[in-house]
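A short write-up of the structure that comes next.
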Amino acid sequence: MQALVSPQWLHDHLHDDQVVIVDCRFNLSVAEAGADVYKQDHIPGALYFHLNRDLSGPKGEHGGRHPLPDPETFAALLSAAGIDENTTVIAYDDQEMAMAGRLWWLLRYLGHDKTAVLNGGYAGWKQAGYEVTADVRTPQPRTFTPRVRSEMLVDIQAVQERSPETALLDSRAGERYRGEVEPLDPKAGHIPGAHHFFYKDNLGSDLTMLPVEQLQERIAPFAEQDIIIYCGSGVTACTNLLALHAAGRTDVKLYAGSWSDWSSYDLPVAVGPTPADEIKK
């Protein structure tokens, strides 16, 4: 299935029995803000998944701020939400498709390809004039069977031992990549050898994904390389994963622990500008 669907596509399939819509809105600064706005209004029929409680596992000393959830635990959540192998899952948010992208990636990681993200998010849905509601649907449970694709994921050891031919892309804002500021993690900077590839540069001014041709231009410098993506905690990197998937790179791997994992160890840190690595749209 394609990685992105339009508001019109979702509107046309809003009442399909095999379509489940999930609202993934979340504010990293105010953990319950997303759940609160969901209660106010959301796309009709949408369920709500919380980044910390549903799309992440328990935090430890290492592993990052948003570790992946346990596959069986996450499968139980999906089952309760009425999702099985026949279900198409459409995720949306209002954070540049990062939170929705997290769910999209997790589903694919567990072997479920019938999933996509609403291009332009909740704002795009409302701008199109489509209905919203405060009503909360009660799903009919099904059985989701996880089939983990371990090849989609790398850990800190794999990042350390990557080959020189593998491109490591940092999804965070430039000032964090350069080590000028670090609001969330113990150290500022980036993993040595990483290229800067800001996730928001995949989006146009209306916060929809750029056309495929422009996305392919962004990734062209790494076209012949294996690619590993990371960010602060494995969430905003998912917008890059979405973009690269749309551009035809379905083989990109995620370092889920990302900078929050790397910086929790006594490991080398790179800082400062590297203009050649500022891959822009």
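The values are calculated or read from the model by the stated rules, or taken from the named source; none is laboratory data. Keep in mind it's a predicted model, so treat the numbers as computed, not measured. Backbone-built Cβ (ideal geometry, glycine too); neighbour counts: all protein chains shown. The protein model used for the area step is the full one, side chains on, heavy atoms only, and it has no ligands, DNA or RNA in it. Shrake-Rupley method; radii C 1.70, N 1.55, O 1.52, S 1.80 Å.
Scanning the stretch 11-29 for residues that are of a type in the set (A, V, I, L, M) and farther than 20 Å from L55 by Cβ yields one hit, L14. Scanning the stretch 94-109 for residues that are crowded, with 22+ Cβ neighbours inside 10 Å and under 16 Å from S56 (Cα atoms) gives A98, M99, A100, G101, R102, L103, W104, W105, L106, L107.
Whenever a residue of the stretch 153-169 is under 15 Å from E224 (Cα atoms), its partners that are in a strand (DSSP E or B), lying with C-beta atoms within less than 6 angstrom and at least six residues away or across chains, give the pairs T166/D226; A167/I227; L168/I228; L169/H195; L169/I229. Note on the stretch 1-23: among residues that are in a loop (DSSP other than H, G, I, E, B) and among the hydrophobic types (A, V, I, L, M, F, W, C), the one that is modelled with the lowest pLDDT is M1. Scanning the stretch 27-38 for any residue that is open to solvent by 60 Å² or more (accessible area, probe 1.4 Å), at pLDDT 95 or above and outside any loop (DSSP other than H, G, I, E, B) turns up at least one such residue. Applying a threshold of 6 Å to beta carbon distances and a minimum spacing of six or more residues, or different chains, the list of pairs starting in the stretch 244-258 at a residue that is crowded, with 24+ Cβ neighbours inside 10 Å and ending at one that is aromatic (F, W, Y) reads Y255/Y230; S258/Y230.
Are any of the residues in the stretch 58-68 over 24 Å from L254 (Cβ atoms) and touching a residue at least 12 places away in the same chain (Cβ under 8 Å)? Steps first, please.
Restricting attention to the stretch 58-68, the residues satisfying the condition of being over 24 Å from L254 (Cβ atoms) are none.
Scanning the stretch 58-68, I find no residue that is over 24 Å from L254 (Cβ atoms) and touching a residue at least 12 places away in the same chain (Cβ under 8 Å), so the answer is no.
Condition check for R178 on (1) basic (K, R); (2) open to solvent by less than 10 Å² (accessible area, probe 1.4 Å); (3) farther than 27 Å from Y92 by Cα: one failure, at (2).
Only one of the numbered conditions (1) open to solvent by less than 30 Å² (accessible area, probe 1.4 Å); (2) more than 24 Å from A158 (Cα to Cα); (3) not in a helix (DSSP H, G or I); (4) not aliphatic (A, V, I, L, M) is violated by G234, and that is (2).
Of all residues being assigned to a helix (DSSP H, G or I) and at pLDDT below 95 in the stretch 242-281, which is nearest to E151 (Cα to Cα)? Just the residue, please. Walk me through it before giving the result.
Here is the first cut: in the stretch 242-281, the residues assigned to a helix (DSSP H, G or I) are 242-246, 258-262, 275-277.
Subsequent filtering for residues that are at pLDDT below 95 retains 275-277.
Values: P275: 31, A276: 29, D277: 26 Å.
Here the residue is D277.
Does L215 fit the bill of being over 19 Å from D23 (Cα atoms), open to solvent by less than 40 Å² (accessible area, probe 1.4 Å) and not small (G, A, S)? So L215 fits the description; yes.
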